[in-house]
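Asker: Below is the structure I would like to discuss, written out as structure tokens.
Just so it is clear, none of the values below were taken in a lab; they were calculated from the coordinates. All values derive from a computational prediction rather than experimental measurement. Cβ atoms come from the backbone with ideal geometry, glycine included; neighbour counts cover every protein chain shown.
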Amino acid sequence: MTHHGGDMIAELLARRGITHLFTLCGGHISPILTGAQARGLRVIDVRDEANAVFAADAVARMTGTIGAAAVTAGPGVTNAVTAIKNAQMAQTPLILFGGATATLLKGRGALQDIDQMSLMKPVTKWAVSVKTVPGLIPTVERALAIASEGVPGPVFVEVPVDLLYAEEIVKGWYEKEVGAGKAKGIGAKALQLYVRGHLYRQFHAPTLPEVHLPSLPHRRGEVSHIARAAAALRAAKRPVLVVGNQTLVGVTDPGRIARAIGKLGVPVYLAGMARGLLGRTHELQYRHARGAALKDADVAIVCGFPFDFRLGYGRGIDKQGTLIAANLSAHELRKNRRPDIAIEMHAGEFLVALAQELGGATPATDWSGWTETLRGREVARDTEIAAKAAPAGELVDPIHLFSRVEEAMADDAILVVDGGDFVATASYILRPRAPLSWLDPGVFGTLGVGGGFALGAALVRPGREVWLIWGDGSSAYTLAEFDSYVRHGVAPIAIIGNDASWMQIAREQVEILGTSLGTDLRRTDYHKVAEGYGGVGLVLTDPTRVDATLAEAKAIARAGRPVCINVHLRKTDFRKGSVSI
């Protein structure tokens, strides 16, 4: 079989250890897919291009490598924009190949020919259009390097269709376009000569890829900054550590970071993808009243977490104390609040270096009184939440549901969360079991990540339970991926919290504006939709059936079939006043 540009791309991906390529088929990209399969990559086709990118994102997060996806030209690329922006804000390293019309037809009104570069440049770390076949390998090599170096992020490589097929096939296309052997006259011959020259340059003339050198983190002063941070921590009376998403970006050995946190001995709050880093329970780990802890702390260490709305834009951290922050991004390191000690490096590496600097030295002050205060707040909040659970009554109480899910999940369970009110309730109760076992969209707050995230997670963690927690609103974005689960042999357990409302919005809107306009849904039979795609559907309306239904779902998933539990929720005011805008 003739070697072509798709083979060249696939060979490079295989050499880089990329094992999965996510896609939705299209004529513009077919050679990339066949080349990938021939070289041992698993080609996973989905039902929406956004989910191909979300799945690649999940693979990158969970493996510490680069995720890969390929989408066809025009609407294939535009469908992927939201998912790419989500990856950019989460600092996920991934490469997206976008098909494009033939180089000879650019700008002439060919099928699906649009200015893709203008769309992708603002939402990627690098966007480049390849012009020649000899430029494919150096361009993709550079793209892969850019995706992972410095502040990681997504890159976009536009590959025109005539760079992907063999030269003889492309020559035949060109000859057909110019009417070779049929057209007469000087103009026709000149056009044929131009096309031949274009074809030669395209396949044989070496060209350099577009050069783009992203700024890399400044490393000067790191050693002295780490020493200053260690000195501040030794003298602390009320230290707090906050660990965010970016601490685990590109990490293949999260245990190394967990051990460093254990050596530090500082009370820690884990957020986003860092949830589960210390296991289900750990004496240093706290989950509630983070804002109060930061307000009271005399030394606050914030790792891989920007001072955005989730940290009150930095205003809630005591200005009389010492604020230490580590982040790969110089911008996020100082956004909204300038730390007293700002360390521009990978947050996980900073924690390891800080633990080494301290070398097991005991703090100057006993922290036991401080940790007792934090533990008291933790117990009080857990007790308050448990008291709100109402097992009896009509329909299912969400707090009671999640308290039972927490007990039902396997020790190796992975949690994928996609929604508003229902998911936020889950975050108070569900405890990730291990590092890299919690996937949420991140700061962009993107609804619709669930279907793709669960697919990617299940593929790279075969045999482990994958629980997909969906709001009824968010589930509709990607419920069709049940078809992908069935076709590709993965079996997540999806729980849809069905309260017939976009409740995250309705809570405040009804109270402030007096109307539920645009937030009302139906008690739709989502479980039947999953059945239609080949999965198993269960409906749960009776609170006395919670444990039995969860056990049934686990058994179905173990047997290799994806399952959707449609849980009819009763109304609750548990999260009243908690909307974020």
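Asker: If you average the C-alpha positions of region 435-476 and of region 267-281 separately, how far apart do those two centres end up, in angstrom?
Answerer: 17 Å
Asker: Using the alpha carbon gyration tensor of region 389-568, what are the three equivalent-ellipsoid semi-axes (square root of 5 times each eigenvalue), largest first, in whole Å?
Answerer: 24, 18, 16
Asker: Only counting other Cβ atoms within 10 Å, I'd like Met503, Met409, Met117 sorted with the fewest neighbours first.
Answerer: Result, fewest neighbours first: Met117, Met409, Met503.
Asker: If Lys and Arg each add +1 and Asp and Glu each add -1, what is the summed charge of the other residues whose beta carbon sits under 15 Å from the beta carbon of His4?
Answerer: -3
Asker: Based on DSSP H runs of at least 4 residues, each adding -39500 (n - 2.57), what is the mean residue ellipticity at 222 nm of the chain after dividing by all its residues, to the nearest 500 deg cm²/dmol?
Answerer: Theoretical 222 nm ellipticity from helices: -12500 deg cm²/dmol.
Asker: May I ask what percent, to the nearest 5, of DSSP beta bridges between residues of region 389-568 are antiparallel?
Answerer: So the antiparallel bridges in region 389-568 amount to around 5 percent.
Asker: Using the Kirkwood radius over Cα pairs, work out the Stokes-Einstein diffusion coefficient for region 249-333 at 10 °C and 1.306 mPa s, in µm²/s as a whole number.
Answerer: Using the Kirkwood radius from Cα pairs, D works out to 115 µm²/s.
Asker: I'd like the orientation of helix 222-235 relative to the chain: the angle between its Cα long axis and the longest Cα principal axis, in ° from 0 to 90, rounded to 10.
Answerer: Helix 222-235 and the main axis of the chain meet at about 20 degrees.
Asker: Still on this model: How many angstrom lie between the Cα centre of region 325-376 and the Cα centre of region 1-44?
Answerer: If you average the Cα positions of each part, the centres end up 43 Å apart.
Asker: Something else now. Considering only DSSP states other than H, G, I, E and B, which trypsin sites (Lys or Arg not before Pro) in region 456-514 qualify as loop sites with at most 10 other Cβ atoms within 10 Å?
Answerer: In loop regions of region 456-514 (DSSP not H, G, I, E or B), there are no sparsely surrounded trypsin sites (Lys or Arg not before Pro).
Asker: Here's a follow-up. In the chain, if every C-alpha pair distance is counted and binned at 20 Å from zero, what percent goes to each bin?
Answerer: Computed distribution, short to long bins: 20, 48, 27, 5, 0.
Asker: Helix 49-63 versus the longest principal axis of the chain: what angle, 0 to 90°, nearest 10, using Cα atoms?
Answerer: Approximately 60 degrees, to the nearest ten.
Asker: In region 296-400, what trypsin sites (Lys or Arg not before Pro) fall in a loop by DSSP, with at most 16 other Cβ atoms inside 10 Å?
Answerer: Counting only loop positions with at most 16 other Cβ atoms within 10 Å, the trypsin sites (Lys or Arg not before Pro) in region 296-400 are Arg315, Lys319, Lys335.
Asker: With a sphere of radius 14 Å drawn around the Cβ of Asp472, what net charge do the other residues whose Cβ falls strictly inside it have (Lys, Arg +1; Asp, Glu -1)?
Answerer: 0
Asker: Using the Cβ atoms and a cut-off under 10 Å, what net charge is assigned to the surroundings of Val155, where Lys and Arg are +1 and Asp and Glu are -1?
Answerer: Overall, the nearby charge balance is +2.
Asker: At 0.692 mPa s and 37 °C, plugging the Kirkwood radius over alpha-carbon pairs of region 5-204 into Stokes-Einstein gives what diffusion coefficient in µm²/s?
Answerer: 192 µm²/s
Asker: Oh, and also: Send over the semi-axes of region 433-480's equivalent ellipsoid, whole angstrom and largest first, taken as the square roots of 5 times the C-alpha gyration tensor eigenvalues.
Answerer: Square roots of five times the eigenvalues give 19, 13, 9 Å.
Asker: Using Cβ contacts closer than 10 Å as the measure, can you line up Phe309, Phe203, Phe22 from fewest to most?
Answerer: Lowest count first: Phe309, Phe203, Phe22.
Asker: A further question follows. What ranking do 289-297, 470-478, 84-92, 36-44 get when scored by the average of other Cβ atoms within 10 Å per residue, highest first?
Answerer: Per-residue Cβ counts within 10 Å, averaged per peptide and sorted highest first, yield 470-478, 84-92, 289-297, 36-44.
Asker: Right, here's the next one. Defining a contact as two alpha carbons under 8 Å apart and six or more residues distant in sequence, what relative contact order in percent does the chain show?
Answerer: Relative contact order here is 12 percent.
Asker: Follow-up question, since we're still on this one. I'm checking a number: the convex hull volume of the Cα atoms of region 222-373, normalised per residue, in Å³. What is it?
Answerer: Expressed per residue, the convex hull around the Cα atoms of region 222-373 is 99 Å³.
Asker: Under 8 Å for C-alpha pairs, at least 6 residues apart: give me the relative contact order for region 5-204, rounded to a whole percent.
Answerer: 20 percent
Asker: Roughly how tilted is helix 81-90, in degrees to the nearest 10 and between 0 and 90, from the longest Cα axis of the chain?
Answerer: Relative to the chain, helix 81-90 is tipped by roughly 50 degrees.
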